[in-house]
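Rule-based calculations on the coordinates, nothing more; no lab input. What you see is a predicted model; the values in this text were computed from it and never measured. Here the Cβ positions follow ideal geometry from the backbone for every residue, glycine too, while neighbour counts run over all protein chains shown.
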Amino acid sequence: MRNPSLDCATPTPALHDDESSNASPLGPKPSGFFSEILASQETEKDSLARRLHDEVGQLVTVLQLTLTRVRLQPPDRREDGFGELERIARELGRQVHDLAMDLRPAPLGKLGLSGALEDYLDDVSERSQVRVRRSLDTFRPGQLPRETEVGLFRGVQQIVRGLRESGRVRDVFISLAQDGDQIVARVEFDRPEQFGAEAGPRLEDLRRTLIPGRGTVTALPMPDGRLMLQLKAPCRVRREPELETELDQKRQP
């Protein structure tokens, strides 16, 4: 991981300035802020409920049916059935693990956004056929507002999960960097057609995910035919002296 200069007052060159100069980077007005957060939470609950029913529920049914079938087979023919049961159990364990990660992401408070993303992406690489490359600037725990950390982590997680579940995307590149007074996460991937007809609804879901950080989401075609999803969240990055002062205060009796 690279260690950037963490002074928000010193801008770094933007790779893609896709937003209009008249657009506000702060997203929805404060008057609708809390209603948008509630809408985001309801969307997340609906998504988890669908996954429990459509993915975990179906696997449990298949597991029960397979177990019944194996039980009725002659003893000398059960070996293949046991192998199938092990495969279903592994897949069920993977899906439960993924749901648990969605409900409670990696410990952002202990690892910070960069460390939590590293931990999550390592797990994705180990559990799937997706090659995940990355370039993440280092942000220590406590340097970013909690809502910014959660919003960006959830956004990247949501994109990567969708790409992995497509079953066809094989190469993903993820970057995290400070760009002026914003933290920017970019996810580039091959086979952009996998984002397909659901691109609109998915982008809207991502915008809801980022609302607590009042961020923006844009889809940018790349010259090489790949697609980049760019997530931006305004921030005030706390500098090292502030963190040290806070730690010193906590150490005092």
Karplus-derived 3J(HN,Hα), 6.51/-1.76/1.60, for each residue of segment 74-81, Hz, glycine and proline x: x, x, 6, 10, 7, 4, 4, x
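Can you sort 135, 125 from fewest to most other Cβ atoms within 10 Å of each residue's own Cβ?
Details: 135 12, 125 15.
Ascending number of Cβ neighbours within 10 Å: 135, 125.
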Other-chain or far-sequence residues with amide H under 5 Å of residue 138's (modelled H): 2, 3
Table column - 3J(HN,Hα) (Hz), segment 134-141, Karplus curve with 6.51, -1.76, 1.60, x for Gly and Pro: 7, 9, 10, 5, 8, 10, 5, x
Note, ³J(HN,Hα) from phi for segment 57-65, Karplus 6.51, -1.76, 1.60, rounded to Hz, x at Gly and Pro: x, 5, 5, 4, 4, 4, 4, 5, 5
Interchain or long-range residues, amide H under 5 Å from residue 183's placed H: 233, 235
